[in-house]
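Chemist: Here you go, one structure.
The values are calculated or read from the model by the stated rules, or taken from the named source; none is laboratory data. Quick caveat: nothing in here was measured; it's all calculated off a predicted structure. Glycine gets a Cβ as well: all are built from the backbone with ideal geometry, and neighbour counts include every protein chain shown.
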Amino acid sequence: MSDNILELRHIGKRFGGVQALDDVSMTIRAGEIHCLAGENGSGKSTIIKVISGIYTPDSGEISIGGETVAKLDPIKAVNHGIQVIYQDFSLFGNLTVAENLAMNTFVMQGRKRMDWRAARALAQRALDRLGVSMDLDAEVGSLPTANKQIVAIARAVVADARLIIMDEPTTALTRHEVDALFAIVRDLQAQGIAVLFVSHKMREMLEISERLTVFRNGRKVAEGAMADFDEAAITRAMTGAEIATDHYHFTDRGAEPVLEVRGLSVPAAVDGVDLTLKPGEIVGISGLIGSGRTELARALFGMEREMRGEMRLGGAPVRPRSVQEAIALGIAYVPEDRLTEGLFLGQSIKRNMVVSILDRLKKGLFLDRAAMDAETARMFSAMQIAAPDAELPVGNLSGGNAQRVMLGRWLLTGARVLILNGPTVGVDVGSKATIHAIIRDLAVREASRC
């Protein structure tokens, strides 16, 4: 048997007029931790779906364990030991840990009834292999993100995985949880299981991976031992350019604060926070998941009815009790989870952009479509949004472009205070640099008015 778990040779895949994968060759060895990097739209998701049998390549060959596999489909991929853990984990939230871990095995065995004792035993063995302890009777939907991920990994182990693909596995994890995940990944490696680690996070790539493959525009542009790369080299390979690391230097010109908060509290989340924000100033608020940073942001945006404390905007006391009141006061909020809290995924980019200013766009009983087009075009330019048509569904955009739509939406309101909750979560290095540059430019322009 070959030491290579997976070999892709000259893989090509086209969707309409878009060449998603162009002559891609790639090898993953047994027991290897291999990182796959690339910007959004580089072809990472497409190659994962080719490996897992969801997409059939237009050209090229796939070899698993030294055997060339024709017409790979999802069932064949699983039978060959390939498991994918997507960002949503694809678990049954209303079932217990034991039921989630036993479900696929029992279905494959053709069982007609649930054997609870066998399910618990199977689940316990899987968790023991990972060296973790968990309540087998806990509903998965009630678990924290890190534990859901462990259940997903354990399910792959139950299925005798030889290659586990982890798609952005650390997006919602704290540093402590990342360390625990990496310990599990290294334990999988010790058991001879290969891991393909797909991530945007440079430091984590360098920390966990032995080899690296980089995609750009559907092509493999770099590959080699991780020891041969640093953050700058990975960035150059991903973007094809040097990404400057600029810092924002705020100069206090003595202007009155635009926002003042004294003793802000939210029950069970935030206790007695004081905060001052001056025009053109960028204030960072950091904390682990559950530390209260999101509740603080929501309170400032009128989303926490039980907020206590004093809040002043431009020197005047305010207390927004709703999102509508906050917007009217000139406060804007970009949530951390743009997919569930920020965007109307089935609606067009244009509609998502102008939804915050519909009252301003009214022309009698209808909306002024010329004004809608003008405002959208202005924000496309200002936010550097890469999309061929503003009428496309916003759900089709990459994470970086979708986040810029969110920023543009709130800038159209002329907000005096812009609250950004994790503004670069789930975006690639190039988009992150662009978003940071936009934020710096906004602050510079605001500071220059004072």
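Chemist: Given the options 373, 389, name the one that is over 27 Å from residue 44 (Cβ atoms) and either modelled with pLDDT under 90 or loosely packed, with under 15 Cβ neighbours inside 10 Å (or both).
Modeler: Going through 373, 389 in turn, just one is over 27 Å from residue 44 (Cβ atoms) and either modelled with pLDDT under 90 or loosely packed, with under 15 Cβ neighbours inside 10 Å (or both): 373.
Chemist: Scan segment 224-257 residue by residue and report those that are more than 13 Å from residue 430 (Cβ to Cβ) and at pLDDT 90 or above.
Modeler: The answer is 224, 225, 226, 227, 228, 229, 230, 233, 256, 257.
Chemist: Give me the residue from segment 337-358 that is crowded, with 18+ Cβ neighbours inside 10 Å and under 30 Å from residue 173 (Cβ atoms) and, out of that set, modelled with the highest pLDDT.
Modeler: The selected residue is 352.
Chemist: Would you kindly identify the strands (runs of 3 or more DSSP E) lying entirely within segment 268-375 that contain at least 1 residues that are among the acidic types (Asp, Glu) and assigned by TED's automatic domain parsing to the domain that holds residue 436?
Modeler: In segment 268-375, the matching strands (runs of 3 or more DSSP E) lie at 270-277, 308-313.
Chemist: Same structure, new question: Of the residues in segment 295-316, how many are surrounded by fewer than 18 Cβ atoms within 10 Å (Cβ to Cβ) and either closer than 15 Å to residue 277 by Cα or in contact (Cβ under 8 Å) with a residue 60 or more places away in the chain (or both)?
Modeler: Number satisfying all stated conditions: 5.
Chemist: Could I ask something else about it? Residue by residue through segment 48-61, note down the ones that are buried (at least 18 other Cβ atoms within 10 Å of the Cβ) and more than 23 Å from residue 104 (Cβ to Cβ).
Modeler: 57
Chemist: Would you mention how many residues in segment 411-437 are surrounded by fewer than 20 Cβ atoms within 10 Å (Cβ to Cβ) and farther than 21 Å from residue 201 by Cβ?
Modeler: Residues that pass the stated criteria total 6.
Chemist: If you go through segment 146-166 one residue at a time, how many are in a helix (DSSP H, G or I) and either over 19 Å from residue 48 (Cα atoms) or under 21 Å from the mean Cα position of the chain (by Cα) (or both)?
Modeler: The number of residues fulfilling the criteria is 10.
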